[in-house]
1. How much net charge surrounds A:VAL187 when only other residues with a Cβ under 14 Å from its Cβ are counted (Lys, Arg +1; Asp, Glu -1)?
2. I'd like to know how the range B:28-82 sits against the 2.2 N^0.38 Å rule of thumb: what's its Cα Rg over that expected value?
3. If you bin every alpha carbon distance in the range B:107-154 into 10 Å steps from zero, what whole percent lands in each bin?
4. If each DSSP helix of 4+ residues adds -39,500 (n - 2.57) and the sum is divided by the residues in chain A, what number results at 222 nm, nearest 500 deg cm²/dmol?
5. How much net charge surrounds A:HIS20 when only the other residues with a Cβ under 15 Å from the Cβ of A:HIS20 are counted, with Lys and Arg +1 and Asp and Glu -1?
6. Evaluate the Kirkwood expression for the hydrodynamic radius of the range B:1-156, namely the inverse of the mean inverse distance over all pairs of different C-alpha atoms, and round to one decimal in Å.
7. Distance in nm between label sites at B:ARG260 and B:LEU194, each 7 Å beyond Cα in the beta-carbon direction?
8. How much length would be gained if the chain were fully extended between A:ARG8 and A:THR335, taking 0.36 nm per residue of separation minus their Cα-Cα distance, in nm to one decimal?
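The values are calculated or read from the model by the stated rules, or taken from the named source; none is laboratory data. Keep in mind the model is a prediction, meaning the values are calculated, not measured. When we count neighbours, we look across all protein chains shown, and the Cβ atoms used for this are built from the backbone with ideal geometry, even at glycine. Note: accessible area is taken over every heavy atom of the protein model, side chains too, but ligands, DNA and RNA are not part of it. Shrake-Rupley method; radii C 1.70, N 1.55, O 1.52, S 1.80 Å.
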Amino acid sequence: MTAITADRLLTRVRDLLAAHPPATTPRTDFLRARYDAGLAWVHYPEGLGGLGAPRSLQAAVDAELEAAGAPDNDPRRIGIGLGMAAPTILAYGTEEQKHRFLRPLWVGEEVWCQLFSEPGAGSDLAALGTRAVRESGSGDWIVDGQKVWTSSAHTARWAILIARTDPALPKHQGITYFLCDMHAPGVEVRPLRQITGEAEFNEVFLTGVRIPDSHRLGAVGQGWAVARTTLMNERVSIGGMRIPREGGMIAPVATAWRERPELRTHALHQRLLELWVEAEVARLTGERLRQQLAAGQPGPEGSGMKLTFARLNQEISGLEVELLGEEGLLYDDWTMRRPEGVDFTGREAGYRYLRAKGNSIEGGTSEILLNIVAERVLGLPPEPRDDKDLAWKDLSR
Amino acid sequence: MTAPTTPVAPAAPTDLLHSGTEEELRAAVRALLTDRCDAKTVLARIETGRPHDPALWHTLAAGIGAAGLLVPEKLGGQGASHREAAVVLEELGRSVAPVPYLTSAVLATEILLGCDTPEAAPLLRELASGSTVCVPAVPLTLAPGAPLPAPVREGGAGLLSGTVTSVADAVAADVLLVLADTGLYAVPAASARLTPQVPLDLTRPLATVTLEAAAGTRLADPGTARAAVAGALLSGAGLLASEQLGLAEWCLAETVGHVRGRHQFNRPVGSFQALKHRLARLWLDVAGARAAARAAADALATAAPDAPLTVAVAQAYCSGVAVRAAEECVQLHGGIGMTWEHPAHLYLKRAKADSLALGTASHHRGLVADFAELPAP
Ligand SMILES: Cc1cc2nc3c(=O)[nH]c(=O)nc-3n(C[C@H](O)[C@H](O)[C@H](O)COP(=O)(O)OP(=O)(O)OC[C@H]3O[C@@H](n4cnc5c(N)ncnc54)[C@H](O)[C@@H]3O)c2cc1C
């Protein structure tokens with residue numbers, strides 16, 4: 001295939017806009033047409049929403065479409081599908097699976113969730129106990145178990161699921177990866193109210209859930225390798241975004257500082273400046289990472305961005321609550337709701353403070369990520385461990 | 001909620017990577033320093049009380065052409081930019097090299113470039129060729145944005161008198177740049193009295209400069225001189241971040257290497273999670289310092305309108321990272337880290353002195369407050 005230039009891509013964008021004027025085309029129709037034109041994720045293959053172009057060209061396409069007032073696919077609402085399910089399906093799926101799932105995923109017609117964590121297996125994800133047993137006649141898989149902290153399970157149509165298919169093997173070897181229909185009989189989603197009062201995540205009970213073998217992703221027993229692709233994508237999906245100077249969590253604090261001189265104290269000033277500087281440095285580090293990726297030289301900085309964002313979000317939102325004085329004693333809304341996504345900008349300081357606590361837990365805790373940096377980036381020796389060669393069924397629980 | 005307001009508009013896209021040419025320059029400087037400026041050599045030199053190595057300086061300045069990076073080609077320089085000078089400083093920081101680069105090739109050079117007078121041109125040529133070392137006779141702690149001191153008076157006929165303390169690299173200088181009440185003067189170092197002080201950082205020696213009716217050549221009027229010095233302090237502070245980065249990178253790498261090899265309790269000490277997490281956090285800090293230092297160098301090179309903010313951010317951040325890296329280096333080396341033989345102390349002393357040089361982190365945070373419109377109560 002000949003290399004695709006930015007110019008050719010922009011011509012395609014203009015053709016798309018001419019054939020489907022955003023002002024008069026229904027939203028979903030426009031998004032489908034964009035996918036079919038290969039302008040959804042340009043680095044994906046032709047026929048699957050892309051054109052096999054360099055990933056770095058996506059930004060220009062997005063900017064051109066945004067300028068023309070085209071609708072986007074609400075990436076915040078479908079983040080798990082875009083950031084985790086899609087790259088895994090692309091890497092391990094059959095042609096049939098790719099064609100069945102990627103288009104409605106990208107368009108946002110089908111929301112995805114991630115059925116990985118279990119009450120007994122979080123950081124030690126490979127210890128999971130949800131069973132998938134193959135039915136001899138049909139070849140279908142019957143799944144039983146419980147998942148937990150599942151974001152968006154209440155809006156999801158599909159799930160990426162890992163389950164144990166051979167308890168006699170060591171824990172990393174007996175796992176298989178499935179695409180699970182959230183509407184299948186036996187899938188029960190119960191809201192799990194969280195620290196903020198609302199229920200972004202859920203418990204998911206799986207009782208005799210039938211999954212056809214055609215919805216298995218990768219080989220039987222290969223689930224851990226497939227899951228690692230998902231997890232790697234989960235962690236890098238953060239660093240690639242471009243934010244403006246004073247974007248993110250520091251924005252509302254800086255605005256409050258400027259607009260409300262009565263709140264200022266010298267001690268808070270020092271902390272604000274320290275955090276402002278750190279937020280700016282984090283922005284530059286993310287920008288540097290983006291430039292490295294565009295130049296095709298991915299650096300190890302990527303593994304660090306999530307750690308930095310988690311720490312800063314927590315410290316900055318903590319400062320914001322204090323800065324607000326009496327107002328900081330109040331909370332905007334404790335109503336138990338089941339939102340479609342995280343809402344850091346639409347809510348007030350108390351919410352930001354509480355929700356940011358999850359940033360160092362979701363998608364791998366900060367402790368686990370520090371281990372990863374220490375071992376894979378710095379090359380420090382791994383923890384001594386005795387669970388690698390034991391059969392899963394013989395592990396202590 | 002109100003939309004985020006950004007007082008200093010986001011800079012035009014900043015190039016935060018190192019180019020191929022910059023990497024070539026780095027390789028040349030690093031090869032030279034590995035060869036001629038290893039820790040043992042630095043330690044041996046500082047013990048003689050004459051830390052500067054004129055032969056090393058000559059190769060770096062003239063052989064590699066590092067002294068003239070900021071000087072335009074028409075004045076005999078390389079016509080390069082702050083980006084390249086920053087790479088040299090990263091390497092000099094990595095080996096705590098006792099050479100007057102920051103003072104002569106950055107601060108003095110920038111002052112002379114800022115004067116832009118016919119009198120300054122010949123001196124710039126000499127600086128660019130590496131044949132003359134010229135340092136500004138100002139305290140190393142003088143910060144951008146701070147009021148400029150004027151301890152030196154001209155008593156008529158270009159004869160200067162006054163005392164300046166903590167002048168870095170003065171003992172290596174051929175020429176001193178003196179900011180006096182009537183303008184900027186070039187004074188031969190031989191006509192000044194230099195009293196060496198005992199510095200915390202032995203690799204960047206300090207002296208008190210005393211002028212007693214010393215004759216100088218006037219290079220610029222007071223207004224031009226003060227603007228030139230202010231500009232040079234900004235560049236110096238921005239590029240110092242790169243020295244701090246190189247220093248921190250060395251400390252991190254050296255410490256990781258040590259804890260991987262050192263065994264206690266029948267395991268490498270680097271396999272203990274408490275240390276792994278500390279080093280992983282330090283690595284994050286160094287990654288941040290790399291981005292901040294590069295942003296400052298790029299902003300200076302492109303004369304970006306927000307360069308003063310970018311420099312203040314880099315200094316507010318990198319000073320602390322360098323000190324933390326050097327302190328962790330001493331601590332995680334245990335007893336060896338406290339010895340004179342191990343080079344860790346050279347890095348700690350340089351890092352701590354650098355944190356005072358050209359403005360402390362808190363001074364630079366104050367500047368951030370001004371530029372970002374986040375006023376004190
Ligand atoms: C807001 C939110 C959304 C989430 N969404 C999803 C989702 O959609 N799908 C999904 O599958 N999961 C989801 N999770 C689950 C998340 O991935 C897990 O909570 C996380 O991996 C940690 O596992 P755990 O809760 O079992 O904690 P544990 O593993 O029990 O950890 C407890 C504490 O011990 C520490 N710890 C554990 N092991 C080590 C070690 N080796 N060294 C040092 N410290 C260690 C941890 O860092 C933590 O501080 C979500 C979590 C949150 C908070």
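1. Numbers: positive: A:LYS147, A:ARG157, A:ARG190, A:ARG210; negative: A:ASP144, A:ASP181, A:GLU188, A:GLU203.
Net of charged neighbours comes to 0.
2. With N residues counted in the range B:28-82, Rg over 2.2 N^0.38 Å equals 1.33.
3. Taking every Cα pair in the range B:107-154, the percentages come to 22, 47, 30, 1.
4. Values: 11 runs with 144 residues, N = 397.
So the calculated ellipticity at 222 nm is -11500 deg cm²/dmol.
5. Working: positive: A:ARG12, A:ARG14, A:ARG27, A:ARG32, A:ARG34; negative: A:ASP15, A:ASP29, A:ASP36, A:GLU64, A:ASP72.
Cβ neighbours under 15 Å give a net charge of 0.
6. Numbers: mean 1/r = 0.0568 Å⁻¹.
Answer for the range B:1-156: a Kirkwood hydrodynamic radius of 17.6 Å.
7. Placing both labels 7 Å along Cα→Cβ, they lie 4.2 nm apart.
8. Values: separation 327, 0.36 × 327 = 117.72 nm, distance 4.99 nm.
Extra length from A:ARG8 to A:THR335 when fully extended: 112.7 nm.
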